[in-house]
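Read through the structure below, which is laid out as structure tokens, and then see the notes.
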Amino acid sequence: MIVMADPQNLITVSGVSKAFPGVVALEGVEFTLRKGEIHALMGENGAGKSTLIKILTGVEQPDTGSIELENTAISIRSPHHAQELGISTVYQEINLCTNISVAENIMLGHEPRRFGGICWKKLNELARQALARLGIELDVTQPLGIYSIAIQQMVAIARALAIASAKVLILDEPTSSLDATETARLFAVMRSLKQAGIGIVFVTHFLDQVYEIVDRVTILRNGRFVGSFEIAALSRVELVAKMLGRVVDELQALAHDKDQVESQSDKGRLIEASGLGLRGALEPLDLTVGVGEVLGIAGLLGSGRTELASLLFGIATPDSGSLLIDGQPVTRFSPQALIKRGVALCPEDRKAEGIVGDLSIRENIILGLQGRYGWFKFIGRQKQTEIAEKYIKLLGIRTPSPDQLVKNLSGGNQQKVILARWLVTQPRLLILDEPTRGIDVGAKAEIQKLVLELVKDGMSIVFISSELEEVVRISDRIVVLRDHVKVAEYDHAVSDRTLMQTMAGEA
Amino acid sequence: MNNRISFSRIRESRLFWVLTAWAVILGFNALFVPGFFRINVQDGHLYGNLIDVLNNGAPLMLVAIGMTLVIATGGIDLSVGAVMAISAAMGAVLINPAPGDKLVSNEILTRNATNTPLAIIVIATLAAGTLCGLWNGLLVSRAKIQPLVATLILMVAGRGIAQLISNGQIITIYYTPYFWFGNGYILGLPVSIYIVAAVAILAWVGVRKTPIGLFIEAVGLNSKATYYSGISAKNIQLLAYTFSGFCSALAGLILSSYVHSADGNNNGLNYELDAILAVVMGGTMLSGGRFSLLASVIGAIVIWTFTLSMYALGVPANALLAGRAVLVLLVILLYSDRRLIKRRGKSNPAAVQPQDEKPGLPHP
């Protein structure tokens, strides 16, 4: 072993490789986690982050290389074994039961017993203590489902820490469904755990968050180890460049493209909504989208932005106001009816509402157009393949074949497949709800660029994103929602800061 | 490229396993059941165990075709056996040779005659079953009742309805032209085989040469995403259940024609379970999605080959059920093993997200 036995080292991974049939997932990866540090694991989709985490949690076994826990060589045989060793994991999608109480969730499988039954008093007390450790007070006897996603995440962490005397906590994209305040709360918890000497592995796509909380970062690219760095000594541009393996100027170039598009708007109104609202989801609001215009929607999670998208796409039927497309009122609200009027939606929850993972890329792309054609006008197999291949090329979907199953693609490529599904139908209004969430920097830039190109061709776009920078960069006008109410409308010259203040209700 | 090959391999394997199961049973018969493969010609008709498999298995094959589409949408149809009984009762009652509502005597009822034209009898029989399917479809797609519960209603009530139609009697049929469906021959082969072939081909064209097959699979795999793509999942479900009702009706017609009677309590008894087994053997997941009509039909053939082999061996009827249990167990083991292999094979690092993993997955 070259690595010295530093008592501060919690986990030392050296020379770990892992190959799957046909793919090398990891090759010669080095990774050291110290006590009381927050260590980011970064890389584009497919870089090998998931595989490394699976090895650390015992889901997969490495082909070569060694893992040491507190300078003792170990082999992690199973997820259960990992927990016994003190390595706990909280996954991106929370795997708790929402219908049983918070306390039961935390203590599940470790319930304190008395007279052969469960000692509820003690169970609730232990759960309360576990949460108190994170600085959270809740009614632990309530079902988990009544709490927000952020709280559920905290409960998942409390559970991870309560089960065993955890030394290592792995957080896999914990912030992807949290809004700013919730993230801040999570970070406070992470900091206190760090104080307590726990090592945290933090997987995220958000650069801001990395710079806010992380001590060191390990970067992977295509299964290879790029390096581990002190975050203070690494600039953002350097970090991104290391992840991509090239210097990125695409993001900067976008701002330039935007200026050229500018003069194009004002060709008339495509969408006019007046007093459009739905009780409990969205207070009545007025909204217009011009032909060839990008309307940005900014708002925190739960501000009503997704509800607005649902109304515009006919998933929900408004109970007040009217919606005009090309001056003609919409009378029937259903995706089918709105698609016929030229509206398309890339939904926020890509997995549940967007892709059909077990169908091929070809079938996923064709689904929108075929849905519009109905039961009797069949797009033949050959034509399907033609269309699919055309859009795979156009959008740069990285796949060996159009018959590849969509679930085997990375997040960014899945998003492109959904975009392709709609572009085939040549929509006039494209609603993008968080189109760049959970996808890597490279694909993000590609999707933003595509949006600007579509607008150039006269398409109108409603762009919903929680990344303000992105909204400002792309949109012609920006509508801000807060607590289901439209609070402001800005032109594109607004600064991130003003937007943020409006969203937070400070201005 | 790699993925293309493995993808087509998975699709092929839908047929592969069920054909393997069939081959194993046939191989067993070749060794232990003398004369199982013998086919005789009598009066220009073919006779033999293999022909019997096709003729006796025809109703199950039909039901399995309808069941395949229902299961592919992520649903299930428990009412198929009861619908067969309703259709059979409908046909038998209409055959009644007594004109009008005149008091009927045994002498009239046993006469080889009918007061209703055969075409009307067939249409009414099929319509009865199709309506039952429509009812199931409305409950599932419009009333949003879980398929298991929705079709359970008709599974239980259906036999009662069948008895109401036949006035609580087991109706024996004496009308010879009606027997043609279950006992007739065309070019040496039983009529029922042609009916199955026609329905199978029509169904295949209906789903594979139109977008309906894709829609069914999409609904079964992710109905929300399908709805968001502008496809009416409701109408697809309605279609699948209605078609399943039609298939059951046809199966009921053939069965009652074959046994010369309509018995509300016993026509099509346990057909729902056999049909589900046939579909599962054909590689369609109970959770819905990809399906193969041909594989389901072969699944039905496997079940009947097994049943008739046991009869040929002289296994008593009650022991047969135990034998069947072994068959089911073997099939399920085969499939769970296949799924494990599939899961191991697909461990593509870029693809599999952590939440896909079930803890406690066995390690190679």
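Any read-out appearing in this document is the output of simple, stated calculations on the displayed coordinates, not a laboratory observation. As the structure is a computational prediction, the values presented were derived from the model and not from experiment. Using ideal geometry, Cβ is built from the backbone for each residue, glycine included, and neighbour counts are taken over all protein chains shown.
Things to note:
- Pair-distance profile P(r), taking every C-alpha pair of chain B, with 20 angstrom steps and integer %: 28, 55, 16, 1
- Cα long-axis angle, helix B:233-259 against chain B (0 to 90 degrees, to the nearest 10): 40 degrees
- Region B:170-314: C-alpha gyration tensor shape, a/c 1.5 cut-off, then a/b vs b/c: prolate
- Rounded, prolate or oblate (a/c below 1.5 giving rounded, otherwise prolate when a/b exceeds b/c) for the protein assembly as shown by Cα gyration tensor: prolate
- Arranged from fewest to most other beta-carbon atoms within 10 Å of their beta carbon, A:THR306, A:THR141, A:THR331 become A:THR331, A:THR141, A:THR306.
- Counting Cβ atoms of other protein chains within 10 Å of each Cβ in A:374-381 and taking the mean gives 4.
- The mean number of Cβ atoms from other chains found within 10 Å of a Cβ in peptide A:353-362 is 6, as a whole number.
- Helical mean residue ellipticity (222 nm; -39500 (n - 2.57) per DSSP H run of 4+; nearest 500) of the protein assembly as shown: -16000 deg cm²/dmol
- Ranked by the mean number of other Cβ atoms within 10 Å of their residues, highest first, the peptides A:232-241, B:228-237 fall in the order B:228-237, A:232-241.
- Computed over chain A, Kirkwood Rh from alpha-carbon pairs, angstrom: 24.8 Å
- With kT/(6 pi eta Rh) evaluated at 20 °C and eta = 1.002 mPa s, and Rh the Kirkwood radius from Cα pairs, region A:378-502 diffuses with a coefficient of 133 µm²/s according to Stokes-Einstein.
- Simple label model, 7 Å out from Cα along Cβ direction - A:ASP6 to A:ARG497, nm: 3.8 nm
- Loop-resident trypsin sites (Lys or Arg not before Pro) (DSSP state other than H, G, I, E or B) in region A:20-126 with no more than 15 further Cβ atoms inside 10 Å of their Cβ: A:ARG77.
- Cβ-placed point charges (K, R +1; D, E -1), dipole of the protein assembly as shown about Cα centre in debye, nearest 20: 1860 debye
- Residue by residue along A:408-415, Cβ atoms of other protein chains within 10 Å of the local Cβ number 2 on average.
- For region B:146-243: rounded, prolate or oblate by the Cα gyration tensor [a/c cutoff 1.5]: oblate
- Where trypsin sites (Lys or Arg not before Pro) fall in DSSP loop in region A:359-463, at most 12 other Cβ within 10 Å: A:LYS377
- On Cα atoms only, tilt of B:317-345 relative to the major axis of chain B in degrees: 30 degrees
- Peptides B:68-77, B:50-59, B:195-204 ranked from most to least packed, by the mean per-residue count of other Cβ atoms within 10 Å: B:68-77, B:50-59, B:195-204.
- Relative contact order of chain A: 15 percent, from C-alpha pairs under 8 Å at least 6 residues apart in sequence.
- Pairs of Cα atoms nearer than 8 Å and 6+ residues apart set the relative contact order; for chain B it is 31 percent.
- Across region A:385-507, the mean sequence separation of Cα contacts (distance under 8 Å, 6 or more residues apart), normalised by length, yields a relative contact order of 16 percent.
- Shown for B:THR110, A:THR72: other C-beta atoms within 10 Å of each C-beta, ranked fewest to most, produce the order A:THR72, B:THR110.
- Taken about its Cα centre, chain B carries a charge dipole of about 1300 debye when Lys and Arg each add +1 at the Cβ and Asp and Glu each add -1 at the Cβ.
- Angle of helix A:361-373 to the longest C-alpha principal axis of chain A, folded into 0 to 90 degrees and rounded to 10: 30°.
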